[in-house]
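Here the structure is laid out as structure tokens; the discussion comes afterwards.
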Amino acid sequence: MNTKDKTYDSNYKPTEKEIESFPDIQNGPASLIEGSSVGIQQVGTHNFRLPLKYKKRNGETIELETRVTGTVSLEAHKKGINMSRIIRSFYDFKEEIIFDKLKDILLRYKDDLSSFDAKIGLNFSYPILIPSLRSDNKGYQYYNVSLEGSLNREGIFTKIIHFDFVYSSACPCSYELAEYARKQRNKATVSHSQRSVTRISLEIDKLLWIEELQELCSTALNTETQVIVKREDEMAFAELNGSNLKFVEDAARLLYEKLIQDKRIKDFRVICSHQESLHSHDAISVILAPKSKFNSEISHELWSSLIHKS
């Protein structure tokens, strides 16, 4: 009876010729498994992490840990893809400003894997230094950002950015009822408000800074949650909420008004979720650009992710 050598050989380094002789089932025919000869729309790697470079609006470069998804389509006659090639493609570009290279990366691994369609998803947290409302303080607010790139079989490249913005929403109805009880019945009252989140998704083909998206959301909604707060800042935040009462429908429309004016944006979708302090459920709203190609039917998984991020 032959006994296998179970010791690891740390000195073994195969030659190119040896590597060519290694078994390669993954790149064999799909028919190895009965009934498997069917095309797959997307197959690849999800959530591998590496530091990638991004350019800030002030010209500086920032390196951020990025979770990457890379996929390609797979034809019916092929068994699988060499997934490490997708990862290696990103490592080849890791010293570049990544947002400028999405199409180049897609072309690289689309050609390497002989695929018709290729997609990229980059997810990261982007820091912006935000001043306090009235005190002389500043704090880093972190924004969840996702960049998507896709290249179809016709060679059409699409670039989409998703940006999450957390804000406070004070209920107009609760405010009026609380004011009525205070004035008419001399009752101490606190109208309800809640931490809320919007995700704006934009199809773009021109430069749009992440800092601009923060400013757009802040200008539209006026009640971004704060980082460093002293008493004068807390008073200011209460005044801001009182001056910017909004239902979830109002929030979606306020963002729509800003987005529709920016000609760099080809298409957009706004999702708002108000995690109610009065109710045991949330209030939600979705609004699309005219003739939008985005889907208005939001999945449970997406709503759940928004709740988690707020």
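Of the residues making up region 184-226, those that are in a loop (DSSP other than H, G, I, E, B) and closer than 30 Å to residue 103 by Cα are 205, 206, 207, 208, 209.
For region 212-219, indicate whether the set of residues that are surrounded by 15 or more Cβ atoms within 10 Å (Cβ to Cβ) and β-branched (Val, Ile, Thr) is non-empty. No: zero hits.
Filter region 154-177 down to the residues that are among the charged types (D, E, K, R) and surrounded by fewer than 18 Cβ atoms within 10 Å (Cβ to Cβ), then identify the one that is nearest to residue 106 (Cα to Cα).
Among them, the one singled out is 154.
Any residue in region 180-191 that is modelled with pLDDT of 95 or more and hydrophobic (A, V, I, L, M, F, W, C)? No.
A search for C-beta distances below 9 Å between a residue of region 227-253 that is farther than 20 Å from residue 199 by Cα and any residue that is in a helix (DSSP H, G or I), counting only pairs 6+ apart in sequence or on different chains, returns 229/237; 241/175; 242/175.
In this structure, is residue 57 within 18 Å of residue 143 (Cα to Cα), assigned to a strand (DSSP E or B), modelled with pLDDT of 90 or more and charged (D, E, K, R)? Criteria not met by residue 57. Can you tell me which residue in region 39-84 is surrounded by the most Cβ atoms within 10 Å (Cβ to Cβ), limited to those that are under 17 Å from residue 111 (Cβ atoms) and among the hydrophobic types (A, V, I, L, M, F, W, C)? If we take residues in region 39-84 being under 17 Å from residue 111 (Cβ atoms) and among the hydrophobic types (A, V, I, L, M, F, W, C), then 72 is surrounded by the most Cβ atoms within 10 Å (Cβ to Cβ). Scanning region 142-153 finds one or more residues that are exposed (fewer than 14 other Cβ atoms within 10 Å of the Cβ) and either assigned to a strand (DSSP E or B) or under 17 Å from the mean Cα position of the chain (by Cα) (or both). Residue 276 falls short on exactly one of the conditions (1) modelled with pLDDT of 90 or more; (2) surrounded by 17 or more Cβ atoms within 10 Å (Cβ to Cβ); (3) closer than 15 Å to residue 166 by Cα, and that condition is (1).
The set of residues in region 101-111 being touching a residue at least 24 places away in the same chain (Cβ under 8 Å) and either in contact with a Cys (Cβ under 9 Å, 6 or more places away or on another chain) or over 15 Å from residue 45 (Cα atoms) (or both) consists of 102, 103, 107. Among residues that are of a type in the set (Asp, Glu), modelled with pLDDT of 95 or more, part of a strand (DSSP E or B) and out of contact with any His (no Cβ under 8 Å at 6 or more places or on another chain), residue 250 is not included. Among the criteria (1) over 22 Å from residue 64 (Cβ atoms); (2) buried (at least 20 other Cβ atoms within 10 Å of the Cβ); (3) not aromatic (Phe, Trp, Tyr), the one residue 202 does not fulfil is (1). The residues listed here are 110, 119, 103, 94; of these, the one that is among the basic types (Lys, Arg), modelled with pLDDT under 85 and within 18 Å of residue 157 (Cα to Cα) is 110.
Scanning region 93-103 for residues that are in a helix (DSSP H, G or I) and surrounded by 14 or more Cβ atoms within 10 Å (Cβ to Cβ) turns up 98, 99, 101, 102, 103. Scanning region 57-73 for residues that are among the acidic types (Asp, Glu) and more than 14 Å from the chain's Cα centre (by Cα) yields 60, 63.
Here residue 219 does not qualify as more than 22 Å from residue 126 (Cα to Cα) and β-branched (Val, Ile, Thr).
Pairs only if they're at least six apart or on different chains, beta carbon under 6 angstrom, first in region 128-139 and surrounded by fewer than 15 Cβ atoms within 10 Å (Cβ to Cβ), second among the aromatic types (Phe, Trp, Tyr); list them, first residue then second. Within 6 Å, the pairs are 129/140.
If you go through region 104-124 and keep only what is crowded, with 17+ Cβ neighbours inside 10 Å and either of a type in the set (S, T, N, Q) or assigned to a strand (DSSP E or B) (or both), you end up with 115, 118, 119, 120, 121, 122, 123, 124. What number of residues within region 74-95 are among the acidic types (Asp, Glu) and under 16 Å from residue 44 (Cα atoms)? Total satisfying the criteria: 1.
The values are calculated or read from the model by the stated rules, or taken from the named source; none is laboratory data. All figures in this text were calculated on a predicted structure; none of them were measured in a lab. When we count neighbours, we look across all protein chains shown, and the Cβ atoms used for this are built from the backbone with ideal geometry, even at glycine.
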